[in-house]
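Enquirer: The structure that follows is given in the form of structure tokens.
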Amino acid sequence: MKTKVEETFSDFFEKWVSQLEELLQQLVQVSKTTNNDSDQLQALVARVTTHVKAYYTAKWAAAHEDVLAFFSPVWLSPLENAYQWVTGWKPSTVFRLVESLRKSGSATTLRGLTEQQVKTVEKLRLKIRLEEEKVEREMERQQVAMADRRMVELARLASRGGGGGEAAEEVLVEAALKGMFVGLERVMKAADCVRLKTLKGVLDELSPLQCVEFLAATCMLQLQLRQLGRKRSGGGGTNNATTTTAYY
């Protein structure tokens, strides 16, 4: 049975994905137009990034109520969950995508990245990798904290039950768990900030048309993974199958 947060966020996520599909169609259509205006491209990129930020705003608000829901999200398929890194996509995968687009046999402006762009993106990749490692160390610290003496003792007291001190023991356990949840929420937000920093850093180095093509590729991958995961789980594909047509 879903919790209130799981139900609410599941509904939000389905609508968010549907809107992402519509944005992907716009990205693909615009990327294939030869006479694009720079302002038009930038406006579309802004709409997509605003949509992404809306996801994290909703996520953080919901996680404040129930952070555990995001470490085992019921709105994702097992396949999607298998590729999760601290409640989301791993930032370093973006750089592998950029490299893939650069070497793609299809016509894409990312094949024409300048030497300076390549150097700047590589510098960003190294910086992001360090931030990923920092998040991973903090996540490990949270996991290790589960096995410290204080938590083990509290778990023993809670499982023993009975006795006049039962209420006091429950208060201690609840306080300890609350501290753990706060720690998990902090790690989740740190990971999300690295994700947003990665996205912004790459977009800042690309031309408007390159931004459109890059965002189309990232949206495509997310929607394809979702469609494959739902098919494998027997949940059917996305609402609009045309969005998963190969882009590059």
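Just so it is clear, none of the values below were taken in a lab; they were calculated from the coordinates. Keep in mind it's a predicted model, so treat the numbers as computed, not measured. Here Cβ is always computed from backbone atoms with ideal geometry, including for glycine, and neighbour counts include all displayed protein chains.
Enquirer: Among Ser31, Ser72, what is the fewest-to-most ranking by other Cβ atoms within 10 Å?
Expert: Values: Ser31 23, Ser72 11.
Going from least to most buried by this count: Ser72, Ser31.
Enquirer: Then there's this: Could I have the simple spin-label model distance between Thr120 and Thr3, label points 7 Å from Cα toward Cβ, reported in nm to one decimal?
Expert: Output for this residue pair reads 4.2 nm.
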